[in-house]
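Report on one structure; see the data block that follows.
The values are calculated or read from the model by the stated rules, or taken from the named source; none is laboratory data. No experiment lies behind these values; they were computed from the predicted model shown. Positions of Cβ are generated from backbone atoms using ideal geometry, with glycine treated the same way; all protein chains shown enter the neighbour counts.
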């Protein structure tokens, strides 16, 4: 009886202590908690993390340098099918788990290194588009009037073109190459961020807490940087995550058309393009890069969806 | 101290453009505030009542210069602040604060409560970090919260607690004049009483001048020294609390007072029920704005001439804008 009462006391003391020690729940902590509860988002996060690790540790994972031609070094020919020893491939032939490509390079190594190009390109384009787009969107929404009109009409013009077509046109002007493809894709993506940012700013600048800051004496710059932009970022984070997927897909598209990464760079889109005529004789050379693109896009999309679900209920609360 | 009122409004007007059509041209104007003249003395609490859309909140925001008046004048402590802009307003911002109606939208959801409260100190460069933290703690205790609440986020608080935080934020700069824009109408009745009493205590403790906006006469009666009744952007009647509740002059005030529920089923009620709707402020009636709904309107006068705020015959501090009760028809009879 005594021991039971004592244990209750201990429990109460513990819970009281726990209450005191519990950290305040910031929006981010809540978001992370909700994000964890969603399987699809976590799967997306898993895929993306795996891809990032793969890109960082490519030299360790890949058995060959991506551009090494194996003719004369090993007993392999062009477009050899995959050979995996554990799956029953002859121990005497060298192992190439995704086979070799038309120039007798290890396809697996090239796919691994391809993650580096695609991910850097995806992150860079989205970062540029996010910064430029949200800057113009925020200023347009905050200042309003003719400035808003001019900026948003320019954005409308950019949006008026199909994005890949416009990217092709920009690359055609700048000249083919990875950097120019990056710039083109970033420009094409700017209007989406500008529009979302502007809409957010328009809504937030009328809110009572911004009015309260004005009444307290905050300047326009302080308002924009301290109150408006931090509260407007949530949907942009989601948009940016989904935007990485779009950017990677568009980069692959441009490379496929020969306007992006140039050979011998191991870019998934250009790998697809160079082997597309051998689709029926060597399907693995089209399948693996294509699968890599699909997996990356899927990963970012799942993660973006999960983020959106996790962030949405936190808005306006 | 001087006899001069702290806040003087002269013929204050605020119009909002109504835009329409493809080209977003201005097609009409809303007269949210259509010529308000009143003054508020140091240390007094003025209640401002009226229906939704009568311009109470707009008037409050004009007074705190969150909006710029279309015409008229606002004199604050002897200085004309009607059209000041940007940096010129900063000294004024320190002395005039506002408490908002909706405690759920008036706090930045991403900012810790303590930082929201100390924002005013930061913006005006008052104190260093430690001093600010001390003042936030003091302020939190003053409004009935605890020091450790400073590190929490708004969504962790109830509506009443959030309103207390809003009050703390408004009062930390030790303002002279505070506009409370329906501070309790979004709260439960039991919490309303707590927040009202808190405001009343703080007002006497900190020697505040308060403009208390509400649409509930019972709430206003509890807190105000004087009460102004607004209708369609104009002041219908303004006087001390006693005279307004005992001896209303304007027929609109009578109707409002008769609408207060009395918790006594046996008491006979002679309600003045108004006919019709509040007219649109885009297209207000001619003459006295109230004449289409007024039980005592006189044809040929009330629908033609705009009544001015005039003193009643018995009480010089009791002003009403009604031709029949205080205006030229009253003088004749």
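Can you find a residue that is more than 20 Å from residue A:205 (Cα to Cα), away from chain A (no Cβ under 11 Å) and under 17 Å from the mean Cα position of the chain (by Cα) anywhere in the range B:89-106?
Checking the range B:89-106: not a single residue is more than 20 Å from residue A:205 (Cα to Cα), away from chain A (no Cβ under 11 Å) and under 17 Å from the mean Cα position of the chain (by Cα).
I'd like to check something: does the range A:53-64 contain any residue that is more than 25 Å from the chain's Cα centre (by Cα) and either surrounded by 13 or more Cβ atoms within 10 Å (Cβ to Cβ) or at pLDDT 85 or above (or both)?
yes
Got a sec? Which of B:78, B:55, B:47 is in contact (Cβ under 8 Å) with a residue 60 or more places away in the chain, surrounded by fewer than 23 Cβ atoms within 10 Å (Cβ to Cβ) and more than 14 Å from every other protein chain (Cβ to nearest Cβ)?
Testing whether each residue is in contact (Cβ under 8 Å) with a residue 60 or more places away in the chain, surrounded by fewer than 23 Cβ atoms within 10 Å (Cβ to Cβ) and more than 14 Å from every other protein chain (Cβ to nearest Cβ) leaves just B:78.
Please tell me if residue A:69 is over 30 Å from residue A:183 (Cα atoms), modelled with pLDDT of 90 or more and outside any helix (DSSP H, G or I).
Criteria met by residue A:69.
Quick check, is residue B:292 within 25 Å of residue B:214 (Cα to Cα) and in contact with a strand residue (DSSP E or B) (Cβ under 9 Å, 6 or more places away or on another chain)?
No, not satisfied.
Here is a check on your reading of the model: is residue B:126 in contact with a strand residue (DSSP E or B) (Cβ under 9 Å, 6 or more places away or on another chain) and either crowded, with 16+ Cβ neighbours inside 10 Å or within 13 Å of chain A (Cβ to nearest Cβ) (or both)?
Judged against the criteria, residue B:126 is not a match.
With the structure loaded, tell me whether residue B:164 is more than 8 Å from chain A (Cβ to nearest Cβ), closer than 20 Å to residue B:181 by Cβ and in a helix (DSSP H, G or I) or whether it fails that test.
So residue B:164 fits the description; yes.
Is the range B:147-159 home to any residue that is away from chain A (no Cβ under 14 Å) and either touching a residue at least 12 places away in the same chain (Cβ under 8 Å) or under 19 Å from the mean Cα position of the chain (by Cα) (or both)?
no
Taking into account only those residues within the range B:182-198 that are touching a strand residue (DSSP E or B) at 6+ places or on another chain (Cβ under 8 Å) and surrounded by fewer than 24 Cβ atoms within 10 Å (Cβ to Cβ), which is farthest from residue B:100 (Cα to Cα)?
Residue satisfying both the conditions and the ranking: B:185.
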